[in-house]
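Note sheet for the following structure.
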Amino acid sequence: MINAFNLHVENAALYRADWKGIVEKQFDIVQKKVKPFLPGYVDKDFQERGARDYRLDAKLTLEQFTQIMIKQILKYNTSHYLESYTRDEDMIRDGIEPIPLQLWNWGIENRSGKLRIFPEELIRLHLLPQESATVTHKGIKFMQMLYGSDRALKEGWFPEARHRGSWKVSISYDPRNVSIVYLWDESTGAFEACHLLDHQERYMNKTLNEVQNLIAHERKMRHAATYPELQAEVNFYSEVEDIVKTAVKEVKGR
């Protein structure tokens, strides 16, 4: 995100909570607000002798817990009156109350300039993990999966890889569904969707973990089949030799 959108990020030093006191205090405030409503909330006496194991009281799913946290944040931003906030003359003139959302909207309009807006798809792509894929004569290979794209076909990548050898390209992918990966053009910053080839349908709509498990399982199956296959080949040669020896004896005995 920093490189793609020319952002500047500053981080407070480690172990200096006093440099970000507002944020640190909010952690405490949020917890105190929701604590009475959360079965299974871990209190300070957790793991002390005789203390109850609060985990046994947990009832909420992750989605339900997330809903509660979001509602708490929305309530604070839309209705919390900041008593210690000092409004300047312009805010007073415009009738701005010291409520977080009002201060934010007024500040964006009058102090910080307009927020930059980028396409949602572009932002999402920059948040996805990035890896290298290999252009081969069979397709764009990521792990054991093969993909194709319009650009690869138009520019003749696959015949070129057969003739000159493979090369690396940068891609982004969504670990939740590897049906599509996104090919980056490093010179322009543009991207293109690459789809699984038709004969790779067994990977369609699978997560990265599912694909990795499938590949590991097949590797284990191949390894397990090595000895039986070798034994079968030894038996085959032995049986062929016996047949040939029998045939030779029969010919000599005629």
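Would it be correct to say that residue 213 is surrounded by 12 or more Cβ atoms within 10 Å (Cβ to Cβ), free of Cβ contacts under 8 Å to residues at least 12 places away in the same chain and either outside the structural domain of residue 131 (by TED's automatic domain parsing) or among the aliphatic types (A, V, I, L, M) (or both)?
When the stated conditions are applied, residue 213 passes them.
Hey, among the residues in segment 200-241 that are touching a Leu at 6+ places or on another chain (Cβ under 8 Å) and part of a helix (DSSP H, G or I), which one's nearest to residue 154 (Cα to Cα)?
The residue in question is 200.
From the list 86, 78, which one is over 26 Å from the mean Cα position of the chain (by Cα) and in a helix (DSSP H, G or I)?
78
Looking at residue 148, is it within 19 Å of residue 201 (Cβ to Cβ) and of a type in the set (Gly, Ala, Ser)?
Spelling it out, residue 148 is indeed within 19 Å of residue 201 (Cβ to Cβ) and of a type in the set (Gly, Ala, Ser).
Would you point out which residue out of 116, 124 is surrounded by 10 or more Cβ atoms within 10 Å (Cβ to Cβ) and closer than 30 Å to residue 4 by Cα?
The match here is 124.
Tell me which residues, restricted to segment 132-144, are surrounded by 12 or more Cβ atoms within 10 Å (Cβ to Cβ) and not hydrophobic (A, V, I, L, M, F, W, C).
Residues satisfying the conditions are 134, 136, 137, 138, 139, 141, 144.
Residue under question is residue 54, and the condition is that it be within 34 Å of the chain's Cα centre (by Cα), surrounded by 12 or more Cβ atoms within 10 Å (Cβ to Cβ) and either on the phi > 0 side of the Ramachandran plot or not polar (S, T, N, Q) (or both); does it hold?
Yes: the conditions hold for residue 54.
Going by the structure shown, is residue 69 under 31 Å from the mean Cα position of the chain (by Cα) and in a helix (DSSP H, G or I)?
Spelling it out, residue 69 is indeed under 31 Å from the mean Cα position of the chain (by Cα) and in a helix (DSSP H, G or I).
Results for (1) more than 32 Å from the chain's Cα centre (by Cα); (2) under 30 Å from residue 188 (Cβ atoms); (3) assigned to a helix (DSSP H, G or I); (4) modelled with pLDDT of 80 or more, shown as yes or no for each residue.
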| position | (1), (2), (3), (4) |
| --- | --- |
| 22 | no, no, yes, no |
| 73 | no, no, yes, yes |
| 90 | yes, no, yes, yes |
| 95 | yes, no, no, yes |
| 109 | yes, no, yes, yes |
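Anything in segment 160-191 that is of a type in the set (S, T, N, Q), farther than 13 Å from residue 130 by Cα and in contact with a strand residue (DSSP E or B) (Cβ under 7 Å, 6 or more places away or on another chain)? List them, or say none.
166, 179
The values are calculated or read from the model by the stated rules, or taken from the named source; none is laboratory data. What you see is a predicted model; the values in this text were computed from it and never measured. FYI the Cβ positions are ideal-geometry reconstructions off the backbone, even for glycines, and counts take in every protein chain you see.
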